[in-house]
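In what follows, a single structure is set out as structure tokens and then discussed.
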Amino acid sequence: MRILGIETSCDETAVALLSVTGSLKAPKLKVLKNLVSSQIKIHRKTGGVVPEVAARQHAEIIVPLMKRALGQTVPDVIAATSGPGLITALRTGLDAARIFSIVKNIPIVGVNHLEGHIYANWLGHETRSAKHATFPALCLIVSGGHTELVLMKDHGKYKKLGATRDDAAGEAFDKTAKLLGLPYPGGPEVARLASGANPFAYSFPRPMMQDDTLDFSFSGLKTAVRTFAHTKGKMTRKEIKDTCAGVEAAIVDVLVAKTIRAAKQYKVKSVILAGGVSANLKLRETLGAALRAERIKASYHIPPLEYTGDNAAMIAAAGFFHATRKDFSNPLKLEATSNWELGIRD
Ligand code: KG4
Ligand code: ZN
């Protein structure tokens with residue numbers, strides 16, 4: 001089966017072609033094409049994404065990118081992100097996908113962007129012999145717009161256990177970077193500067209880390225960084241590096257503590273890390289070490305680095321598992337939903 005993936009929920013125009021062979025129980029996913037056209041340079045000028053500018057960029061590039069990904073291939077299934085995300089941005093990719101589906105009579109699946117991030121963990125097994133996650137699995141989804149703990153009972157079956165009450169983890173990284181005068185997007189830059197620096201030089205709050213819920217809050221941390229930066233004034237390179245290390249440690253500590261709490265509470269078989277922030281090496285390592293230290297027997301899954309950020313291969317992977325259940329959408333009715341939640345909360 002060949003699946004065309006399309007992703008335009010934020011600031012990356014992405015198209016991928018995925019080939020799936022093998023049995024339904026043990027499918028082999030192979031990424032044939034993974035094209036990502038980043039708008040970072042454009043959004044750097046404004047220090048963040050301007051939705052209308054992002055949508056216009058997607059509209060310009062989406063069709064040539066589809067042509068490049070496909071060549072002469074006619075896919076069996078089309079999978080396109082239909083939410084959550086910026087509505088005008090989502091629509092450009094989704095409309096291209098819908099038109100292609102209608103004209104060529106190819107089944108289409110509308111994929112949740114966060115579900116896509118989870119399925120990045122089913123990619124990259126061509127070169128690694130790692131095993132896929134088993135269920136129930138606990139997913140920590142950490143991106144620029146979301147921070148959620150989701151229980152995955154099976155393919156396509158989700159229950160939201162907790163989420164941020166204000167800012168997302170990625171946002172906390174990005175806003176820290178902005179306050180320190182570092183370029184957009186801030187997460188990778190903060191992580192780079194934090195590497196080798198002293199995380200104990202300054203102490204930053206770890207909001208909600210000790211409470212009983214599985215929710216998060218990062219706005220207090222942002223305020224603490226702002227106050228700290230204003231009080232300090234102009235910082236030396238070393239001070240900036242230590243600040244990055246301190247903030248990174250605070251974010252990672254909270255994420256790891258809540259994930260461990262949830263893993264124990266729900267006795268999961270796997271723990272899955274997903275979303276742009278899953279590229280963070282300190283988070284990857286600290287969560288792995290904490291699972292071992294707490295003797296949690298779940299298998300631990302981290303996506304290959306090349307699929308942590310927004311891409312369409314992960315959307316195609318999620319689309320494949322929908323297709324196996326004949327869980328298709330009506331291309332005439334498929335709409336973009338900017339606030340589409342993954343899994344209902346009790
Ligand atoms: O999933 P993603 O690519 O886009 C959204 O769906 O939002 O996530 C982007 C977020 C940004 O906030 C970015 O700063 C953060 O992921 N990020 C990182 C790292 N790489 C990307 N945060 C911390 N450390 C990183 N290495
Ligand atoms: Zn994302």
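The values are calculated or read from the model by the stated rules, or taken from the named source; none is laboratory data. It should be emphasised that the depicted structure is a prediction, and the values quoted were computed from it without experimental measurement. No Cβ is skipped: glycine too gets one built from the backbone with ideal geometry, and neighbour counts run over all protein chains shown. Remember, those area values only see protein heavy atoms, side chains included, never the ligands or the DNA or RNA. Shrake-Rupley method; radii C 1.70, N 1.55, O 1.52, S 1.80 Å.
Results for (1) open to solvent by less than 10 Å² (accessible area, probe 1.4 Å); (2) of a type in the set (S, T, N, Q); (3) away from ligand 1 (no atom under 13 Å from the Cβ), shown as yes or no for each residue.
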site	(1), (2), (3)
163	no, no, yes
184	no, no, no
211	no, no, yes
216	yes, no, yes
262	yes, no, yes
Count - residues of region 91-113 that are touching a strand residue (DSSP E or B) at 6+ places or on another chain (Cβ under 6 Å) and open to solvent by less than 30 Å² (accessible area, probe 1.4 Å): 10
Long-range neighbours under 7 Å by Cβ, at least six apart or interchain, first residue over 12 Å from residue 314 (Cβ atoms) and of a type in the set (D, E, K, R) within region 1-24, second more than 16 Å from ligand 2 (Cβ to nearest atom) and open to solvent by 10 Å² or more (accessible area, probe 1.4 Å): 2/19; 2/73; 2/76
Residues being hydroxyl-bearing (Ser, Thr, Tyr) and within 16 Å of ligand 2 (Cβ to nearest atom) - total across region 248-279: 1
Extreme residue, farthest from the chain's Cα centre (by Cα), among residues of region 1-19 that are over 12 Å from residue 311 (Cβ atoms) and open to solvent by 10 Å² or more (accessible area, probe 1.4 Å): 1
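With the structure loaded, tell me whether residue 77 is surrounded by 18 or more Cβ atoms within 10 Å (Cβ to Cβ) and in contact with a Phe, Trp or Tyr (Cβ under 8 Å, 6 or more places away or on another chain) or whether it fails that test.
Here the answer is yes, as residue 77 does meet what is asked.
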Residue within region 30-49 that is in a strand (DSSP E or B), open to solvent by less than 20 Å² (accessible area, probe 1.4 Å) and touching a helix residue (DSSP H, G or I) at 6+ places or on another chain (Cβ under 7 Å) present: no
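Could you please let me know if residue 24 is assigned to a strand (DSSP E or B) and either open to solvent by less than 60 Å² (accessible area, probe 1.4 Å) or within 23 Å of residue 324 (Cα to Cα) (or both)?
Here the answer is no, as residue 24 does not meet what is asked.
Would you point out which residue out of 153, 241 is more than 30 Å from residue 50 (Cβ to Cβ), touching a Pro at 6+ places or on another chain (Cβ under 8 Å) and open to solvent by 30 Å² or more (accessible area, probe 1.4 Å)? Give the derivation first.
Working: 241 fails: touching a Pro at 6+ places or on another chain (Cβ under 8 Å).
Just a single option satisfies the conditions, and that option is 153.
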Members of region 280-316 that are in contact with a strand residue (DSSP E or B) (Cβ under 6 Å, 6 or more places away or on another chain), open to solvent by less than 10 Å² (accessible area, probe 1.4 Å), among the hydrophobic types (A, V, I, L, M, F, W, C) and within 16 Å of ligand 2 (Cβ to nearest atom): 312, 313, 315, 316
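Against the condition closer than 25 Å to residue 140 by Cα and touching a residue at least 24 places away in the same chain (Cβ under 8 Å), how does residue 258 come out, does it pass?
yes
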